[in-house]
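All remarks here apply to the structure that follows.
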Amino acid sequence: MNNTIINALNWRYATKKYDTTKTVSPQDLETLIESLHLSPSSFGFQPWKFFVISNPELKQNLAAQSQPSVGQASHIIVCAAKKTLTPMDIDNWMREISEQRGVSIESLAGYAEMSKGYSQSKTQDEIFSWNARQVYIALGFLLETSALLGIDATPMEGFNPEKFDELLGISDSDYTSVVICPIGYRAQDDAYANVKKVRYPKDSIITVIE
Ligand SMILES: Cc1cc2nc3c(=O)[nH]c(=O)nc-3n(C[C@H](O)[C@H](O)[C@H](O)COP(=O)(O)O)c2cc1C
């Protein structure tokens with residue numbers, strides 16, 4: 001086992017109380033942001049937006065629509081999922097690949113057609129649920145990167161998405177908040193820091209087939 005990784009994953013926990021005097025450095029913040037940026041997604045569509053908030057007033061307003069620890073954290077990361085996926089989104093994505101890789105749009109036609117067929121076979125609810133699942137992959141990247149950097153983080157679904165969307169000014173957009181993650185440094189007196197991490201026995205959830 002790689003102890004650097006496993007020790008970091010044992011060290012991390014869903015922090016309930018943050019040290020209000022500590023701030024994540026710009027360099028570490030950049031690394032966390034890059035880990036979101038580099039997260040994989042189905043077909044590479046990246047159906048998400050992330051908001052990284054340190055503004056004190058906005059943090060307090062968001063905390064009022066969630067849990068107090070949110071307002072104590074250095075930054076709040078709000079992860080929003082795209083509500084829809086249109087053929088135009090797929091065309092835009094193909095254009096991006098074409099430009100960044102220097103390949104022709106025509107060479108991507110098969111890929112475009114396949115992904116349009118796949119997305120058009122889904123209902124609106126299925127599309128949103130699919131997009132939201134991609135967002136949770138990015139959340140996983142964020143949590144692991146935070147742990148490796150020694151930064152505390154709390155994945156949270158306990159918040160009011162409608163109010164968050166209002167406060168972020170995205171209510172009328174094609175995106176909605178699905179999960180949030182305050183980041184920062186644990187308060188010395190956070191009682192949860194020392195409770196045993198509870199997981200089901202490994203062999204009850206993992207089957208290795210050789
Ligand atoms: C998607 C998701 C949503 C969660 N929502 C909340 C939440 O709203 N409030 C909270 O205090 N913890 C929340 N948690 C934290 C979990 O309760 C915690 O990760 C779990 O109990 C395992 O403990 P550990 O993270 O300390 O190892 C959430 C975790 C995940 C992954």
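Structure data summary
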{"quantity": "Between the range 76-131 and the range 1-75, the alpha-carbon center distance in angstrom", "calculated": "26 Å"}
{"quantity": "In range of the label at LYS163: residues from the range 48-82 whose backbone nitrogen is under 16 Å from the point 7 Å along Cα→Cβ", "calculated": "57-72"}
{"quantity": "For peptides 21-29, 140-148, sequence by mean Cβ density within 10 Å, most packed first", "calculated": "140-148, 21-29"}
{"quantity": "Candidate aspartates and glutamates - alpha carbon under 15 Å from LYS22, same-chain residues fewer than 8 apart omitted", "calculated": "ASP152, ASP189, ASP190"}
{"quantity": "Fewest-first sequence of PHE51, PHE164, PHE43 by Cβ atoms within 10 Å of each Cβ", "calculated": "PHE43, PHE51, PHE164"}
{"quantity": "Label-point gap, in nm, between LYS83 and GLU210 - each point 7 angstrom along Cα→Cβ", "calculated": "5.2 nm"}
{"quantity": "Backbone HN-Hα couplings from phi across the range 66-78 [Karplus 6.51/-1.76/1.60, Hz, Gly and Pro as x]", "calculated": "9, 10, x, 4, 4, x, 8, 6, 5, 9, 10, 9, 9"}
{"quantity": "Net length gained if the chain between HIS37 and GLU96 were fully extended (0.36 nm per residue, minus Cα distance)", "calculated": "19.7 nm"}
{"quantity": "Cα-projected label distance for LYS197 with VAL52, points at 7 Å along beta-carbon direction, nm", "calculated": "2.5 nm"}
{"quantity": "Proxy reagent accessibility, fewest Cβ within 10 Å first, across LEU108, LEU32, LEU38", "calculated": "LEU38, LEU108, LEU32"}
{"quantity": "Antiparallel DSSP beta bridges within the chain, as percent of all bridges there, nearest 5", "calculated": "95 percent"}
{"quantity": "Value of Rg to Rh for the chain (Rh from inverse mean 1/r over Cα pairs, i.e. Kirkwood)", "calculated": "1.02"}
{"quantity": "Relative exposure of TRP48, TRP11, TRP130, judged by other C-beta atoms within 10 Å (fewest first)", "calculated": "TRP11, TRP130, TRP48"}
{"quantity": "Violating pairs (Cα-Cα greater than 22 angstrom) within the set LYS49/LYS163; LYS59/LYS197; LYS17/LYS83; LYS122/LYS163; LYS82/LYS163", "calculated": "LYS59/LYS197; LYS17/LYS83; LYS122/LYS163"}
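Computed from the coordinates by the stated procedures, all read-outs in this text should not be read as laboratory data. Keep in mind that what you see is a predicted model, and the values were worked out from it rather than measured. For neighbour counting, all protein chains shown are included, and Cβ atoms are generated from backbone atoms with ideal geometry for every residue, glycine included.
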